[in-house]
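Encoded as structure tokens, the structure appears first; notes follow it.
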Amino acid sequence: MTQGVAEEMANSESQTPKALLAAVILMGVLIIAAVFGLIGVIAYRFLHPRPSVTATVPLAEGGFSRLALPLGAGEHITAVTARPDGLMAVTLSDAGSDRVLLWNPEAGKIAAELDFGTPASSSP
């Protein structure tokens, strides 16, 4: 009688539930697909590099050019991003408001300004 119980337990432990087996196979397929996808992205970016963006500034007589932005009281620069058209997007921030300047460093002038200001008060 003991031998029958031992055989029954051995048979029940050796059989893996089909759902668990399917999940393991699915995870393996997903891992393999992700590895091939990652290799494809790396190969694509290696074969199609993005052009570098550089902003050229004409040099003054002393060998360098001084570039100045109109900063308000308490404002500081939080981000600078070069654009492909030669402009630079400069994010300025202070305690109550933020603004973004599109700045042309070659001309030393602001091309556009987006002022976020303070939030409007809601009326009842």
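The values are calculated or read from the model by the stated rules, or taken from the named source; none is laboratory data. This structure is a prediction, so every number in the text was calculated from the model and none was measured. Counting neighbours? That spans all protein chains shown, and the Cβs are built from the backbone with ideal geometry, glycine included. Ligands, DNA and RNA are excluded from the accessible area calculation, which covers all protein heavy atoms including side chains. Shrake-Rupley method; radii C 1.70, N 1.55, O 1.52, S 1.80 Å.
Taking the stated definitions as given, is Ala23 small (Gly, Ala, Ser), at pLDDT 85 or above, surrounded by 10 or more Cβ atoms within 10 Å (Cβ to Cβ) and within 27 Å of Glu113 (Cα to Cα)? No, not satisfied. As a summary of the residue check, Gly40 satisfies the conditions (1) modelled with pLDDT of 95 or more; (2) open to solvent by less than 100 Å² (accessible area, probe 1.4 Å); (3) more than 30 Å from Ala82 (Cα to Cα) except for the one numbered (3). When Gly74 is tested against (1) at pLDDT 75 or above; (2) exposed (fewer than 10 other Cβ atoms within 10 Å of the Cβ); (3) in a helix (DSSP H, G or I); (4) over 26 Å from the mean Cα position of the chain (by Cα), only condition (3) is not met.
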